[in-house]
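Quick note: the coordinates plus some simple rules give every number you see, no bench work behind them. Since this is a predicted model, take the numbers as computed values, not measurements. Note that we place each Cβ from the backbone using ideal geometry, even for glycine, and neighbour counts take in every protein chain shown.
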Amino acid sequence: MKTMRGIEPIIAVVILVAVTLVIAIGVIGWIMGWWGTMGATENLQFYPDSYIGVGGNTTLYIHVKNTGSAAAVIYKIEVVGVEELTDTSRFDGKTITDGTISPGVEDTLQVPLSKNVVPGTNYAVKIYTKAGNVYTVTVQAKV
């Protein structure tokens, strides 16, 4: 009589761990949005008419266009040496809400600043996106 044998317990554990890892990577990729944006990229283009308006309220105006194929999500704007802004509800334009710039959208991002700047001075502004890109643009403070 022939006895039937299954696979060794060690091999079964290795197979279960491998399958679990593959499923975990798939779920993490889905949650993080890696699979939905494969091949799509953001590309922000900044125009030279961007500036910091000085007067009653100090406001940063950034004229930007997303020429890429994926939405650009801005999570932080830094006016180097002056202020870091992470409250995306303050990053508003006509078609930009909460710092999200859809593909093909051109708009002026208006960001109120809480600190004063010196009129006539050029400032470096760094724009950080969730895709890991950092864009730097130079703007001048104008009255």
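Tell me, please, whether a residue that is under 26 Å from VAL139 (Cα atoms) and surrounded by 17 or more Cβ atoms within 10 Å (Cβ to Cβ) can be found in the stretch 34-43. Taking every residue of the stretch 34-43 in turn, at least one turns out to be under 26 Å from VAL139 (Cα atoms) and surrounded by 17 or more Cβ atoms within 10 Å (Cβ to Cβ). Screening VAL111 on (1) buried (at least 17 other Cβ atoms within 10 Å of the Cβ); (2) over 19 Å from TYR51 (Cα atoms) shows it passes everything except condition (2). Across the stretch 119-140, the qualifying residues are those that are without any contact (Cβ under 8 Å) to a residue 24 or more places away in the chain and of a type outside the set (S, T, N, Q), and the one among them that is farthest from LEU85 (Cα to Cα) is GLY120.
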